[in-house]
Amino acid sequence: MKVLITGFEPFGGEAINPSWEAVKALPRELGGAEIIKQRLPVTFRGVREVLPRLITETRPRVILLTGQAGGRPNITVERVAINVMDSKMPDNEGYTPEDEPVFEGAPAAYFSTLPIKNIVQALRGEGIPAAVSNTAGTYVCNTAMYTVLHTVAVAGMETRAGFVHVPFVHEQALDKPRPSMGLDTIVRAFKIAVETSLKGGEGF
Ligand code: PCA
């Protein structure tokens, strides 16, 4: 059994992206599953190219996508991905889409297929501030989440997939008044999210 877990390269002038730093620190095996780690580009084009290929090649049981949401104070488990790319902030190729669909003619939205409430509960139970988020934005993270859920749905796969956003880590907050979390806490949160997802749960 395989679990695919992704983090992003840095963007927006940051030197690191805590999502990939935490994914890198995960063990190779969790809850009896082989962990496949992938670093993703922060480009609208790149995620739509890389993710469908990776899913077809690895056919994971669970996919946990992770990214940085600088400014959020807690771990947020995303509920929904929408078929929209819209950003004034350029991606890492300088692209700024306006009101474009992720995939032309595809559904308006997909819900996460991970047990999002169970994950939040498990994180809080371990003393990690966490909440469900009802928007993954309209930047590259939303595009990645939409791409994965659409790919899995179209292929009729049983793979469960979703997205977790993480705050800045302390070193990123030294020069700006923004909330931050320790990297070790984020690593622990990803382990809990994977283990909880493998256990399944309500509607899983
Ligand atoms: N966060 C961005 C894209 C990459 C990342 O880590 C986002 O929330 O869209």
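Can you give the helix-only mean residue ellipticity at 222 nm for the chain, where every DSSP H stretch with n ≥ 4 adds -39500 (n - 2.57) and the sum goes over all residues, rounded to the nearest 500 deg cm²/dmol? Before the final figure, lay out each step's value.
Numbers: 5 runs with 65 residues, N = 204.
So the helix-based figure for the chain works out to -10000 deg cm²/dmol.
Work out, step by step, the length gained on full extension between residue 98 and residue 131: first 0.36 nm times the residue separation, then minus their alpha carbon distance; give nm to one decimal. Walk me through the numbers on the way to the answer.
Values: separation 33, 0.36 × 33 = 11.88 nm, distance 2.89 nm.
Full extension of this stretch gives 9.0 nm more.
Any idea how far apart residue 106 and residue 38 come out in nm if each label point goes 7 Å out from Cα toward Cβ?
The two pseudo-label positions are separated by 1.3 nm.
I want to make sure I understand the PRE zone here: with the label point 7 angstrom from the Cα of residue 184 toward its beta carbon, which residues in the range 20-52 have backbone N atoms less than 20 Å away?
Residues 20-28 qualify, since their backbone N sits under 20 Å from the label point.
In whole Hz and in residue order, list the ³J(HN,Hα) couplings for the range 17-29 that follow from phi through the Karplus curve 6.51 cos²θ - 1.76 cosθ + 1.60, θ = phi - 60°; x for Gly and Pro.
For the range 17-29, the Karplus-derived couplings read 10, x, 5, 6, 4, 6, 4, 4, 7, 6, x, 7, 9 Hz, x marking Gly and Pro.
Tell me, Kirkwood radius of the range 129-185 from alpha-carbon pair distances, in Å?
Details: mean 1/r = 0.0730 Å⁻¹.
For the range 129-185, the Kirkwood estimate is 13.7 Å.
Test of understanding: in a Gaussian network model of the chain with alpha carbons linked when under 10 Å, which of 52, 27, 115 would top the mean-square fluctuation ranking?
Between 52, 27, 115, it is 27 that shows the largest mean-square fluctuation.
Using alpha-carbon pairs under 8 Å, 6+ residues apart, how would you state the relative contact order of the range 15-96 in percent?
Details: 36 pairs, mean separation 29.9, N = 82.
Relative CO of the range 15-96 lands at 36 percent.
Normalised radius of gyration for the range 24-141, please: alpha carbon Rg relative to 2.2 N^0.38 Å, two decimal places. Don't skip to the end; give the middle numbers.
On the way: Rg = 15.5 Å, N = 118, 2.2 N^0.38 = 13.5 Å.
Rounded to two decimals, the normalised Rg is 1.15.
Once you've got the GNM for the chain with C-alpha springs shorter than 10 Å, pick whichever of 95, 139, 110 has the biggest mean-square fluctuation.
Checking each option, the largest mean-square fluctuation is seen for 95.
Contour minus end-to-end for residue 175 and residue 86, with contour as 0.36 nm per residue of separation and end-to-end as the Cα-Cα distance?
On the way: separation 89, 0.36 × 89 = 32.04 nm, distance 2.84 nm.
Result for the pair: 29.2 nm of gain on full extension.
Do any trypsin sites (Lys or Arg not before Pro) in the range 1-70 lie in a DSSP loop with no more than 12 other beta carbon atoms within 10 Å, and if so, which? Provide the component values of the computation, followed by the final result.
Numbers: sites: 2, 24, 28, 37, 39, 45, 48, 53, 61; in loops: 28, 61.
Those that pass, being in a loop and sparsely packed, are 28.
Cα centroids of the range 1-77 and the range 95-162: how far apart, whole angstrom?
Measuring centre to centre over Cα atoms gives 12 Å.
Based on the Kirkwood radius over alpha-carbon pairs, what value in µm²/s does the Stokes-Einstein equation return for the translational diffusion coefficient of the chain at 37 °C and 0.692 mPa s?
Numbers: Rh = 16.7 Å.
Result for D is 196 µm²/s.
I'd like the Karplus ³J(HN,Hα) series for the range 102-110: coefficients 6.51, -1.76, 1.60, θ = phi - 60°, whole numbers in Hz, and an x wherever there's a Gly or Pro.
Going residue by residue, I get 5, 10, 4, x, 7, x, 4, 7, 10 Hz, with x marking Gly and Pro.
What lysines could a cross-link reach from residue 37, if we take a straight Cα to Cα line under 29 Å and drop same-chain neighbours fewer than 8 places away?
2, 24, 117, 191, 199
Which helices of the chain meet both criteria: a Cα extent of 18 Å or more along the helical axis and a mean Kyte-Doolittle score no lower than -1.0, with helices taken as whole DSSP H segments?
Qualifying helices: 44-58, 140-155, 183-199.
Taken together, the values in this text are just the output of simple stated rules run on the coordinates, not laboratory data. All values reported here derive from a predicted model rather than from experimental measurement. All Cβ positions, even for glycine, are placed from backbone atoms using ideal geometry, and neighbour counts span all protein chains on display.
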